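Structure first, commentary second.
The values are calculated or read from the model by the stated rules, or taken from the named source; none is laboratory data. These numbers were taken from a predicted model, which means no experiment stands behind them. With ideal geometry, Cβ positions are generated from the backbone for all residues, glycine too; neighbour counts draw on all protein chains shown.
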Amino acid sequence: MTRTIKIFDTTLRDGEQCPGASLNVEEKIEIARQLKKLNVDIIEAGFAIASPGDFESVKTIAKQIKGPVICSLARARKEDIETAFEAVKFSDNPRIHTFIATSPIHMEKKLRMTPDQVINQAIDMVKLAKKLCPDIEFSPEDAGRSEPEFLYKIIAAVIDAGALTINIPDTVGYTTPWEFGRLIENVIKNVPAIKEKNVVISVHCHNDLGLAVANSLAAVLAGANQVECTINGIGERAGNASLEEIVMAIKTRKDFFNCNTAIKTDEIYKSSRLVSNLTGLLVQPNKAIVGANAFAHEAGIHQAGVLRARETYEIMSPQDIGLTESKLVLGKHSGRHAFADKLKDMGYSLTEENLEKAFQKFKNLADKKKDIGERDIEIIIAEEVYIAPETYAIESISIKSGTTIKPSAEVKLLYKNKTIAEKAEGSGPVDAVYKAIDKIIKIQPKLVDYTIQAITGGTDAQGEVTVRIGKNDRVFVGHGTDTDIIIASAKAYLSAINRLFILQP
Ligand code: KIV
Ligand code: ZN
């Protein structure tokens, strides 16, 4: 019989843990809405005890997103578990996911606990969680480097205490597919309660050796029936297993895996874009499934083959992941009604206020750019509707630049309804603009990263700039688009600064 593998999405928890990915509550809800459309089985909405912001997002997602299981992570500690429950209890399907490390190095050096103490704490905390919530998941952290016999023992004990899902994490991305598959097989063989009580075996793989997806798939073959993963594979260090790669491997090679998932694969591309836009983490062009080149055929011989029969070089169709050609959709003369209809077609449902904001942005863009495609509209929504509230806003920017003069900029920003103006020179026009902004905001964040890419083809394409700025050991991401790349650069810098002021007022 074909097994259905549950997809547990941890973009909002493990994914959000990667440097610079921090999302605000509204952005997390937007991603959770899209995850629901994607039809994931479980959304790990956050780590409720980590901060008031995390708690608020898990709670709001539990209140607003109905259908998927909504889960919060909790260390095996009383306060963590109680806080997790306070946040997820608003869901119709709440889950508490508790964990404790089980590898010798973690127990000895990090926890400073003996293996017996670890087992006892795991049992006590699963029992406590079970009193609050019927659906409990337990993870032996760093399972990939744990002693197998110890793993069997702790897994049997927490199942006895009430855990319904056992997640086996390869926390540091150390194992290989052969070892990880064998580990899953052995866990199932050596803990009879798994079969007796129909316990779900889940896997959670990190990508330090680039093996996260391969390890997850090896585990599926070995009997795992839940996979934890993130959109675009974002996550700690080298990231987590990528949802889209796992799902499309299972779908495309159904002949081999003989299982399926409930994922609506035609929502994959949109999910990938949304996560990339809101986190500022760009997708590498050659990324499997969702990279810009994933369905591009450059070599003449390939193009000729694809024209004759798509299957010569394409093992999946772009439509499978919801990638339609960025059609020309609207132009300068399109009205509010046509714009609203197009948004509806593309699956967006905006409030009246956000629709108005988006429409104004569309009109401004249409003055500068002749053809507006779906990708431009996606950017308008991501950039103008879901951005952090603005502490500083651009009033005007003018620059002088060229081969014979020192680049300089005059920037006027609106701050609390007042205009503040400053001038600066720089090594280039972007540097001059950033220096003038620094004078106005009176701090000098470190520019950690600056990238620019064209959104669509043509010389009137919008430039999309992503910056990361650092302050007090934290990284803030900003995102800006415009047909003028200096303005796009200023918008990106200022949006990172606005985040900085919101998160560190
Ligand atoms: O990588 C890991 O071990 C985790 C656990 C908390 C599941 O993220
Ligand atoms: Zn993890």
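Yes or no, residue by residue, for (1) more than 16 Å from ligand 2 (Cβ to nearest atom); (2) closer than 19 Å to residue 225 by Cα; (3) surrounded by fewer than 22 Cβ atoms within 10 Å (Cβ to Cβ):
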| residue | (1), (2), (3) |
| --- | --- |
| 88 | yes, no, no |
| 114 | yes, no, yes |
| 130 | yes, no, yes |
| 144 | no, yes, no |
| 157 | yes, no, yes |
| 161 | yes, no, yes |
| 168 | no, yes, no |
Yes/no for residue 31 being crowded, with 22+ Cβ neighbours inside 10 Å and either assigned by TED's automatic domain parsing to the domain that holds residue 475 or within 16 Å of ligand 2 (Cβ to nearest atom) (or both): no
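Results for (1) outside the structural domain of residue 439 (by TED's automatic domain parsing); (2) modelled with pLDDT under 95; (3) closer than 18 Å to residue 439 by Cβ, shown as yes or no for each residue.
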| position | (1), (2), (3) |
| --- | --- |
| 398 | no, no, yes |
| 401 | no, yes, no |
| 405 | no, yes, no |
| 410 | no, no, yes |
| 416 | no, yes, yes |
| 419 | no, no, yes |
| 423 | no, no, yes |
Go through the range 215-249 and count every residue that is in a helix (DSSP H, G or I), closer than 21 Å to residue 166 by Cβ and either at pLDDT below 95 or aliphatic (A, V, I, L, M) (or both). 8
Assess whether residue 79 counts as being out of contact with any Asp or Glu (no Cβ under 6 Å at 6 or more places or on another chain), assigned by TED's automatic domain parsing to the domain that holds residue 272, modelled with pLDDT under 95 and assigned to a helix (DSSP H, G or I). no
Tally time: how many residues in the range 34-48 are in a helix (DSSP H, G or I) and under 14 Å from residue 90 (Cα atoms)? 1
Taking into account only those residues within the range 250-269 that are among the basic types (Lys, Arg) and in a helix (DSSP H, G or I), which is farthest from ligand 2 (Cβ to nearest atom)? 254
Find the strands (runs of 3 or more DSSP E) located wholly in the range 376-453 whose residues include 1 or more that are of a type in the set (Phe, Trp, Tyr) and either within 35 Å of the chain's Cα centre (by Cα) or closer than 28 Å to residue 354 by Cα (or both), and list them. 392-400, 408-415
Kindly evaluate residue 394 against the criterion of being surrounded by 13 or more Cβ atoms within 10 Å (Cβ to Cβ), under 24 Å from residue 268 (Cβ atoms) and β-branched (Val, Ile, Thr). no
Does the range 487-498 contain any residue that is part of a strand (DSSP E or B), at pLDDT below 95 and within 32 Å of the chain's Cα centre (by Cα)? no
Before we move on, is residue 250 away from ligand 1 (no atom under 16 Å from the Cβ), more than 23 Å from residue 170 (Cα to Cα), surrounded by 17 or more Cβ atoms within 10 Å (Cβ to Cβ) and in contact (Cβ under 8 Å) with a residue 12 or more places away in the chain? no
Among the residues of the range 93-123, what is the count of those that are part of a helix (DSSP H, G or I) and without any contact (Cβ under 8 Å) to a residue 24 or more places away in the chain? 8
Looking at the range 440-462, can you tell me whether even one residue there is small (Gly, Ala, Ser) and either buried (at least 23 other Cβ atoms within 10 Å of the Cβ) or under 20 Å from residue 411 (Cα atoms) (or both)? no
Kindly indicate the residue of the range 203-225 that is among the aliphatic types (A, V, I, L, M) and within 13 Å of ligand 1 (Cβ to nearest atom) and also surrounded by the fewest Cβ atoms within 10 Å (Cβ to Cβ) among those meeting that condition. 212
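Yes/no matrix, rows are residues, columns are (1) of a type in the set (Ser, Thr, Tyr); (2) at pLDDT 95 or above; (3) not in a helix (DSSP H, G or I):
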position	(1), (2), (3)
32	no, yes, no
53	no, no, no
56	no, yes, no
59	no, yes, no
71	no, yes, yes
74	no, yes, yes
Within the range 131-169, residues being more than 11 Å from ligand 1 (Cβ to nearest atom) and acidic (Asp, Glu) number 4
Right, residue 151: in the same structural domain as residue 236 (by TED's automatic domain parsing), surrounded by fewer than 21 Cβ atoms within 10 Å (Cβ to Cβ) and either closer than 30 Å to residue 63 by Cα or within 31 Å of the chain's Cα centre (by Cα) (or both) or not? no
Sort out which residues of the range 226-238 are within 11 Å of ligand 1 (Cβ to nearest atom), buried (at least 22 other Cβ atoms within 10 Å of the Cβ) and over 10 Å from the mean Cα position of the chain (by Cα), and write them in order of number. 228
Name the single residue that is surrounded by the most Cβ atoms within 10 Å (Cβ to Cβ) among those in the range 49-73 being closer than 13 Å to residue 94 by Cα and among the aliphatic types (A, V, I, L, M). 58
